[in-house]
Each structure stands twice: as C-alpha cells, then as structure tokens.
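The values are calculated or read from the model by the stated rules, or taken from the named source; none is laboratory data. Worth saying up front: this structure is predicted, and the values here are computed from it rather than measured. Glycine gets a Cβ as well: all are built from the backbone with ideal geometry, and neighbour counts include every protein chain shown.
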Amino acid sequence: MRMENMTMPAPLLQRPDGSPLRVLVVDDEQMLTDLLSMALRMEGWEVRTAGSGFDALNVAREFAPDAMVLDVMMPDLDGMAVLQRLRQGGDDVPVLFLTAKDSVSDRVAGLTAGGDDYVTKPFSLEEVVARLRGLMRRAGASTDTADPILRVGDLTLNEDSHEVFRGDDEIELTATEFELLRYLMRNQRRVLSKAQILDRVWNYDFGGRSSVVELYISYLRKKIDAGKEPLIHTVRGVGYMIKASQ
C-alpha cells in the first residue's frame, strides 16, 4: 500500500444532523485496517473495523455505517457473501470493495453483486478516501459550508487564503506551523495528545518522535502568544489545547 501525504479535507462531509460520517472497514489484515482507519479518522469520520465476514455483519447491524470498505477475500464469509446478506436484509449502505484481483470479470462480479465501487491492492490511502467521499456524497451526505475563518479569542485563521491574524497583526507561518495551528483551532478547548498531533500533521514521518511536536508548539507560541495572553496551553501528561480565557 502506498501511504501518501494526507491533507485536511475541504469541505467536510457529515451526516445530515451534523454528526460525523460512519465507515466500517472490513479486512482480515490488521495492518491494513489500522492504516485505513487512521486515514479515515483524519477526515473527521467515525470508524469501526471487522476482521471477518460474520464479524462485519454483526458490527454493521450495531454501528449502522454510512459506507463500508469491504475486502473480497476473507477466510470465513467472503465480501460478496457479506454484501449479499446486507442487501437481502434491506441494507443499501454504499460499499467499496478491496481486492487483489484486477480482472474485468472480478470487477463486474463485485458491481453486479451490489457493490458501488472497486479498488485493487496495492492502492493509495488518498484514492480510497476520494472514492468514499464520492460514494457518500452521492448517497446524500451533507457538506459543511461553514465560514472558512476559524477563531479562538482574537486569533483568526483563514483556511482558504492561509492568512493568520492575532488582532490586527498578521502572522507569517510555515506550512507545517499553519497545519498544526489549524488542527488545534479545529479542536479548540479539546486536549490533543502528541500522538494525535503526529498522526494528523506529520503522518508518522518522524517515526513517532514527540520531540518534533514540542518543537513546533514552541515555534507557534513565539509567533502567536509572545507578549499576549496565552492561547496555547500545555496539559501536563496529556497534551496541548488551544483556548481563549473567555
């Protein structure tokens, strides 16, 4: 699998009630489900996994996903059989098949069985995310058309123009500093662990070393908080949070 640089989704897809979209990932390869789950959670979606066909059916009934990523070849009940049982039960959840097979007949079989799309291994995580976004848009997922301006106290960040201001003062940030600040501001008043920040901003590029998070937090503080009321806070033993005093 090719893990490519993931970026913050825009616009954000969500359920009509504003809650996160739900995706069920089904594959008997634990490493693959872990990677897919990480990529999908970075989109802001709620993710569950299953390692077998029968497990997938049980989780689907309880979780009620908005989309499924479903491996064709599994040891107990294959993906085609899982989909057949879902459709027989009246479940029309969009399904993206994963398979190592790449023949036309296999693709036709998957789509004929009621699948909505088909990706062959190896694949990029970005391709899977893009396919799922397309499936769920067509299925009626709503789009968050909120103001691109994020605000925390007198700090503003424009996601479209990449401009950042503290009051009337414009702040110049590097691309990584901007991404880190955006992640903090999108989760204001929520404590984010170093591991979460590494996953989202660096995608494991630094091998899980938390020191890079501490370094970039210090860079942001010098640019955002210097001489002003601090917005970026350390929660000892847990992580970091951005919030205004009022």
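Arg85 meets all of the listed conditions (1) over 25 Å from the mean Cα position of the chain (by Cα); (2) modelled with pLDDT under 90; (3) not small (Gly, Ala, Ser) but one, namely (2). Consider Leu157 carefully, then state whether it is in contact with a helix residue (DSSP H, G or I) (Cβ under 7 Å, 6 or more places away or on another chain), closer than 15 Å to Ile232 by Cα and not in a helix (DSSP H, G or I). Against the criterion (in contact with a helix residue (DSSP H, G or I) (Cβ under 7 Å, 6 or more places away or on another chain), closer than 15 Å to Ile232 by Cα and not in a helix (DSSP H, G or I)), Leu157 qualifies. Would you call Val69 outside the structural domain of His233 (by TED's automatic domain parsing), at pLDDT 90 or above and of a type in the set (Val, Ile, Thr)? Judged against the criteria, Val69 is a match.
Annotation: of all residues in the range 24-72 being touching a Leu at 6+ places or on another chain (Cβ under 9 Å) and of a type in the set (Ser, Thr, Tyr), the one that is nearest to Arg133 (Cα to Cα) is Thr49. Pairs are defined by a Cβ separation below 9 Å, a sequence spacing of at least 6 or placement on different chains, a first member in the range 177-190 that is part of a helix (DSSP H, G or I), and a second member that is among the small types (Gly, Ala, Ser); the pairs so defined are Arg186/Gly44. Sort out which residues of the range 146-161 are touching a Lys or Arg at 6+ places or on another chain (Cβ under 9 Å) and not small (Gly, Ala, Ser), and write them in order of number. Leu150, Val152, Asp154, Leu155, Thr156, Leu157, Glu159 - these are the residues of the range 146-161 that are touching a Lys or Arg at 6+ places or on another chain (Cβ under 9 Å) and not small (Gly, Ala, Ser). Scanning the range 17-76 for residues that are assigned to a helix (DSSP H, G or I), within 19 Å of the chain's Cα centre (by Cα) and surrounded by 16 or more Cβ atoms within 10 Å (Cβ to Cβ) gives Leu32, Thr33, Leu35, Leu36, Ser37, Met38, Ala39, Leu40, Arg41, Met42, Phe63.
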